[in-house]
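One structure below.
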Amino acid sequence: MKDNRYVIDAISPQESWRVFRIMAEFVEGIETLSALPPAVTIFGSARAKPGDTYYTMASKLSARLAQEGFAVITGGGPGIMEAANKGAFESGGTSVGINIELPFEQKPNPYTNVHLNFRYFFIRKVMFLKYAIGYVILPGGFGTMDELFESLTLIQTDKMKPFPVILMGSDYWGGLLSWIENTMLANHMIEQNDISIFTLTDSIDEVVSIIKESRA
């Protein structure tokens, strides 16, 4: 008679040792970032080019934040990330790049004075959250959406202290936010107060004001 019990294979030594690599990345991240001044994490597409509207917006915003004494954290790559690092770097601020090993797109930009490189996405995402007092989300793709909705979920479920989550680019985000309100909210998948977790604006002055008020 066939034995239908599940057989648990022995964990390979290589798999067990991976735990230590994970620990090492956490330790390096914590030791490096714990000394930062109050920081704002800026997300957006790796595909934006210098001169694009949102590239310019990210650069100007991060320059203002650096002048106000905030560190700027990005994913350390090209596009919006490069723009944000560049604005902070050229304004004499703390410009942090938290890079990830990927087969395409994610090459470190030259505008960071604090740099980390991770293999694991989940560790990188913890670092984005742990050392930020606010998120600014500019137009981007799947990765940007992931970072946006993870922050909203953690705030919604009280797994982290609420902090500003600001979307910049009303032309880009307007359709998504209309869908959230007219479909998710209308079908009672979220509550009305969940809409207040984030702010939509195109104003750099408003973003800086919101961040400063949250620090007070």
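What do you get for the angle between helix 80-90 and the principal long axis of the chain? Use alpha-carbon atoms, 0 to 90 degrees, nearest ten.
Roughly 60 degrees between the two axes.
Relative to the longest principal axis of the C-alpha atoms of the chain, give the angle of the C-alpha long axis of helix 170-179, reported between 0 and 90° and rounded to the nearest 10°.
50 degrees
Pop out the ³J(HN,Hα) list for the range 24-33 in order, Karplus 6.51 cos²θ - 1.76 cosθ + 1.60 with θ = phi - 60°, rounded to Hz; leave Gly and Pro as x.
5, 5, 4, 4, 4, x, 5, 5, 6, 8
Using modelled backbone amide H atoms (1.01 Å from N, in-plane), which distant-in-sequence or interchain residues come within less than 5 Å of Thr199's amide H?
Residues meeting the amide H criterion: Val165, Ile166, Leu167.
In straight Cα distance, which lysines are under 27 Å from Lys159, not counting same-chain residues fewer than 8 positions off?
Once the sequence-local lysines are set aside, what remains near Lys159 is Lys125, Lys130, Lys212.
Anyone know which of Ala58, Ala46, Ala186 comes out most mobile in the 10 Å Cα GNM of the chain?
Per the Cα network of the chain with a 10 Å cutoff, Ala186 tops the list.
For the pair Trp179 and Asn113, what calculated FRET efficiency results from E = 1/(1 + (r/R0)^6), where r is the Cβ-Cβ distance and R0 = 30 Å, to the nearest 0.05?
E(calc), rounded to 0.05, equals 0.15.
Taking Cα atoms, how many degrees apart are the long axis of helix 53-67 and the longest axis of the chain, rounded to 10 and kept between 0 and 90?
80 degrees
For the range 13-215, what value does the Rg/Rh ratio take when both radii are computed over Cα atoms and Rh is the Kirkwood radius, given to two decimals?
A ratio of 0.97.
Please find the FRET efficiency linking Val19 to Ile190, where r is the Cβ-Cβ separation and R0 is fixed at 30 Å, and quote it to the nearest 0.05.
0.25
Pairs of alpha-carbon atoms within less than 8 angstrom and 6+ residues apart define the contacts here; what relative contact order does the chain have, in percent?
Value for the chain: 18 percent.
Only counting other Cβ atoms within 10 Å, I'd like Val72, Val27 sorted with the fewest neighbours first.
Least to most surrounded, the residues fall as Val27, Val72.
Using 0.36 nm per residue, how much length does the chain from Thr32 to Ser170 gain when fully extended, once their Cα-Cα distance is taken away?
Value of the extension gain: 46.2 nm.
Most mobile of Ser196, Ser151, Ser16 per a Gaussian network model of the chain (Cα springs, under 10 Å)?
In this elastic network of the chain, the residue with the biggest mean-square fluctuation among Ser196, Ser151, Ser16 is Ser16.
Build a GNM of the chain with springs between Cα atoms under 10 Å: which of Gly93, Gly174, Gly77 gets the top mean-square fluctuation?
Taking springs between Cα atoms under 10 Å, the residue moving most is Gly174.
Just so you know, all these numbers are worked out from the coordinates, no wet-lab data involved. This is a predicted model, so every value here is computed, not measured. Methodologically, a virtual Cβ is constructed for each residue, glycine included, from the backbone with ideal geometry; neighbour enumeration extends over all protein chains shown.
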